[in-house]
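Peer 1: Pasting in a structure now, in structure tokens, and then I'll have a few things to ask.
The values are calculated or read from the model by the stated rules, or taken from the named source; none is laboratory data. None of these values were measured; they are calculated from a predicted model. For neighbour counting, all protein chains shown are included, and Cβ atoms are generated from backbone atoms with ideal geometry for every residue, glycine included.
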Amino acid sequence: MSNLTYPVGEVNKEKFATPRPLTRAVREFRRALGDTQQSFAARLGLAISTVVRYESTRPPSGAALAQLAKAAGENGLDNYGQEFAKALIRELGLAEILGSIFMQRLDDGSVRGLLLLPLEGPDQYSFANAFFDAFTVYARSSDLDAKARAEALLRGFQDAVRQDSGPK
């Protein structure tokens with residue numbers, strides 16, 4: 001029987017450190033969905049080893065953050081979606097943009113877009129949240145009464161903005 005030797009060195013303490021907020025968020029999001037690492041990987045089209053890394057040593061970045069934010073929103077877990085979206089905004093340096101609307105006309109003639117609007121303070125957040133709640137109901141609700149109420153709110157807002165920005 002031969003003697004085995006093992007290299008001796010320092011333990012990588014960072015690898016075993018307290019999880020970073022984003023790695024913790026991935027794990028908590030997966031658990032909130034009731035998924036195992038395997039089912040979570042399948043849901044997102046990832047390798048299990050990627051999910052393990054996202055939850056332990058290397059948080060997701062770039063397109064993976066966008067994919068996680070989308071999955072969280074689709075599953076009604078907006079708190080996780082916001083956390084992933086904030087990380088993506090920080091990573092891409094978008095927080096300094098004063099406001100933009102990105103629009104794209106698709107081959108079928110429809111238009112898709114993205115609104116980037118930085119918010120400062122609780123009032124701005126509250127107003128934007130109320131607006132987007134109404135917009136979401138208008139855009140996605142199958143309840144025709146709720147959709148009509150949301151449309152009335154949005155048209156009132158649109159009319160007020162047009163009136164305030166008209167000729168002085």
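Peer 1: When the residues of segment 116-168 are filtered to those that are among the polar types (S, T, N, Q) and part of a loop (DSSP other than H, G, I, E, B), which remaining residue is modelled with the highest pLDDT?
Peer 2: Ser142
Peer 1: Moving on to the next point. Of all the residues that make up segment 56-82, how many are closer than 14 Å to Arg20 by Cβ and in a helix (DSSP H, G or I)?
Peer 2: Selection size over segment 56-82: 2.
Peer 1: Still on this structure, please answer the following. Which of the residues belonging to segment 127-141 are under 18 Å from the mean Cα position of the chain (by Cα) and of a type in the set (S, T, N, Q)?
Peer 2: Answer for segment 127-141, where residues must be under 18 Å from the mean Cα position of the chain (by Cα) and of a type in the set (S, T, N, Q): Asn129, Thr136.
Peer 1: Considering segment 59-88 alone, what residues qualify as being within 13 Å of Arg43 (Cα to Cα) and among the basic types (Lys, Arg)?
Peer 2: Answer for segment 59-88, where residues must be within 13 Å of Arg43 (Cα to Cα) and among the basic types (Lys, Arg): just Lys70.
Peer 1: Does any residue in segment 37-48 that is closer than 15 Å to Ala66 by Cα come within less than 7 Å, Cβ to Cβ, of a residue that is among the charged types (D, E, K, R) and modelled with pLDDT of 95 or more six or more places away or on a different chain, and which pairs are these?
Peer 2: Close Cβ pairs satisfying both conditions: Arg43/Asp35.
Peer 1: Among (1) over 18 Å from Pro21 (Cα atoms); (2) within 9 Å of the chain's Cα centre (by Cα), where does Ala85 come up short?
Peer 2: Among (1) over 18 Å from Pro21 (Cα atoms); (2) within 9 Å of the chain's Cα centre (by Cα), Ala85 violates only (1).
Peer 1: Another question, if that's okay. Report yes if Glu96 is under 21 Å from Arg43 (Cα atoms) and out of contact with any helix residue (DSSP H, G or I) (no Cβ under 7 Å at 6 or more places or on another chain), otherwise no.
Peer 2: Here the answer is no, as Glu96 does not meet what is asked.
Peer 1: Still on this model: Please tell me if Arg53 is over 17 Å from Leu116 (Cα atoms) and in a helix (DSSP H, G or I).
Peer 2: Taking the combined requirement at face value, the residue satisfies it.
Peer 1: Can you name every residue in segment 117-142 that is in contact with a Lys or Arg (Cβ under 8 Å, 6 or more places away or on another chain) and either surrounded by fewer than 13 Cβ atoms within 10 Å (Cβ to Cβ) or not hydrophobic (A, V, I, L, M, F, W, C) (or both)?
Peer 2: Tyr138, Ser141, listed by residue number.
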